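Enquirer: Submitted below is the structure of interest, expressed as structure tokens.
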Amino acid sequence: MKYAKYIIAVLALFLALSAFSFAPESHTESDFLLDTYVSITVYGRHGEKAAKAALARVRELDRLLSAFYPESDVAKINRAGANTPTAVSEECFHLLLRALSLCKQSDGAFDVTIKPVMDLWGFGSDNQRIPAQNELSAALDKVDFRFVSLNSADKTVTLLKEGMAIDLGGVAKGYCADEAAEVLKNEGAENFYLDFGGNVITKGEIPLGLSERLKRRAKTRPFVVGIQDPKGTRGNIFETITTEQAQTAIVTSGGYERYFEENGVNYHHILSPATGKQPQNGVLSVTVVGSQSETADALSTALFVLGPGGCEKFEGLFDEVLFVMDTGEVKKIYPRGEK
């Protein structure tokens with residue numbers, strides 16, 4: 001017993017010192033999916049189980065929705081050719097239904113049938129090049145979302161023009177991020193951060209270790225999402241967005257990720273469905289903030305093509321849009337009546 005008080009004192013000192021180093025529990029799962037690096041971080045107990053379940057769902061959807069997999073629904077639609085109904089999964093049908101609605105709302109600035117034109121440019125392949133105008137004109141004849149027919153009774157998709165092809169790359173990442181977030185919430189996760197290569201979803205806040213709690217006099221801190229400088233080197237942050245506890249989607253589209261250079265000119269992968277070329281409106285990047293990543297994904301592409309004036313088409317679908325212009329100007333647009 002004579003050593004008891006010394007043992008208690010040592011234990012108390014150990015716990016006191018450890019209190020300053022204990023970090024909150026977190027778990028991250030990651031993989032290369034959807035043609036990008038996908039990372040899912042969950043804070044709190046049982047985060048590993050939730051993160052693994054969410055990533056498994058993304059892997060499943062990647063196999064259904066990517067045009068690069070021969071067995072995917074999208075590849076089957078494109079192989080079927082004109083006027084041939086193709087049965088697809090519930091997920092693919094839902095996504096196409098929503099995507100076509102956004103195509104219509106954008107007046108075709110976002111168009112899931114852009115694939116024939118994208119293939120001409122060869123982005124991401126060993127055959128990147130500037131297509132001739134006659135090639136572009138021929139490919140553009142096959143681009144028109146109004147010639148995609150959906151039959152809800154049997155979940156079939158039909159392309160109505162010969163040579164048409166769809167690519168869900170402008171909306172699939174957002175949809176998959178939303179689905180991953182739903183899995184996490186169903187698994188009981190309350191605080192998480194998803195990064196799908198420019199598509200971010202946050203929910204809740206970051207729990208703090210005890211040392212930070214004492215310093216900040218708070219148990220948590222909000223997520224802060226960095227917006228890359230489209231003129232700077234990779235990783236240069238020039239703007240940040242601090243999120244609320246409610247689930248928030250932040251999606252950025254820019255011409256600095258996928259491009260090639262020829263004769264001193266950069267040619268990026270965001271093309272106008274009207275011209276088959278890069279938009280000439282001075283936009284370098286567009287960031288859309290909203291509640292749903294699927295919608296923000298499509299809007300960021302459409303608004304890159306339309307420019308700041310296009311925001312009026314999407315009233316009620318975003319909380320904030322941030323444009324970075326080639327003049328260096330940053331334009332922030334909010335729904336009418338806000339800020």
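The values are calculated or read from the model by the stated rules, or taken from the named source; none is laboratory data. Remember, it's a predicted structure, so these values are computed and weren't measured experimentally. Cβ coordinates were reconstructed from backbone atoms using ideal geometry, including for glycine residues, and neighbour counts include every protein chain displayed. Side chains included, ligands, DNA and RNA excluded: accessible areas come from the protein's heavy atoms. Shrake-Rupley method; radii C 1.70, N 1.55, O 1.52, S 1.80 Å.
Enquirer: Which whole-number percentage describes the relative contact order of region 90-154, with Cα contacts under 8 Å and a sequence gap of 6 or more?
Expert: Numbers: 46 pairs, mean separation 22.4, N = 65.
34 percent.
Enquirer: Shifting gears a bit: Quick check for you: with a 1.4 Å probe and neighbouring chains kept, what is the accessible area per residue of region 247-286, in Å²? Could the numbers behind the result be given before it?
Expert: Numbers: 1780 Å² over 40 residues.
Counting only protein heavy atoms, the per-residue value for region 247-286 is 45 Å².
Enquirer: How large are Rg and Dmax for the chain when calculated on the C-alpha trace, in angstrom?
Expert: Every Cα atom of the chain included, Rg and Dmax give 23.3, 95 Å.
Enquirer: Kirkwood Rh, region 64-125, all Cα pairs: how many Å?
Expert: Details: mean 1/r = 0.0781 Å⁻¹.
When all Cα pairs of region 64-125 are included, the Kirkwood radius is 12.8 Å.
Enquirer: Okay, next question. Ignoring ligands, DNA and RNA, what percent of the 1.4 Å accessible area of the chain is carbon and sulfur?
Expert: On the way: 8630 of 17100 Å².
Taking all protein chains in place, the chain shows 50 percent carbon and sulfur surface.
Enquirer: Scale the Cα Rg of region 65-179 by the rule-of-thumb value 2.2 N^0.38 Å and send over the ratio, two decimals. Don't skip to the answer; put the middle values down first.
Expert: Values: Rg = 13.8 Å, N = 115, 2.2 N^0.38 = 13.4 Å.
The value comes to 1.04.
Enquirer: On to the next question. Please state the relative contact order of region 177-336 as a whole percent: Cα pairs under 8 Å, 6+ residues apart? Intermediate results must be reported in sequence, preceding the final value.
Expert: Values: 299 pairs, mean separation 27.3, N = 160.
Reported relative contact order: 17 percent.
Enquirer: Add -39500 (n - 2.57) for each DSSP H run of 4 or more in the chain, then divide by its residues: what number comes out at 222 nm, to the nearest 500 deg cm²/dmol?
Expert: Mean residue ellipticity, 222 nm, calculated: -10000 deg cm²/dmol.
Enquirer: Oh, and also: Throw me the Rg/Rh for region 157-315, computed over C-alpha atoms with Kirkwood Rh, two decimals. Could the numbers behind the result be given before it?
Expert: Working: Rg = 18.4 Å, Rh = 17.7 Å.
Using Cα coordinates only, the ratio equals 1.04.
Enquirer: What's the center-to-center distance, using Cα atoms, between region 121-137 and region 275-339 in Å?
Expert: Here the answer is 26 Å between Cα centres.
Enquirer: If you filter region 264-339 for chymotrypsin sites (Phe, Trp or Tyr not before Pro), then keep DSSP loop positions with at most 11 other Cβ within 10 Å, what is left?
Expert: On the way: sites: Y267, F304, F314, F318, F323; in loops: F318.
When the chymotrypsin sites (Phe, Trp or Tyr not before Pro) of region 264-339 are filtered for loop state and at most 11 Cβ neighbours within 10 Å, nothing remains.
Enquirer: Holding the Cα-Cα limit at 20 Å, pick out from K104/K161; K52/K203; K155/K185; K115/K142; K76/K155 the pairs that are longer than that.
Expert: Details: K104/K161 18 Å; K52/K203 17 Å; K155/K185 28 Å; K115/K142 9 Å; K76/K155 14 Å.
Violating the 20 Å Cα-Cα cut-off are K155/K185.
Enquirer: Next question. In Å and on Cα atoms, what radius of gyration and Dmax does region 40-93 show?
Expert: 15.5, 52
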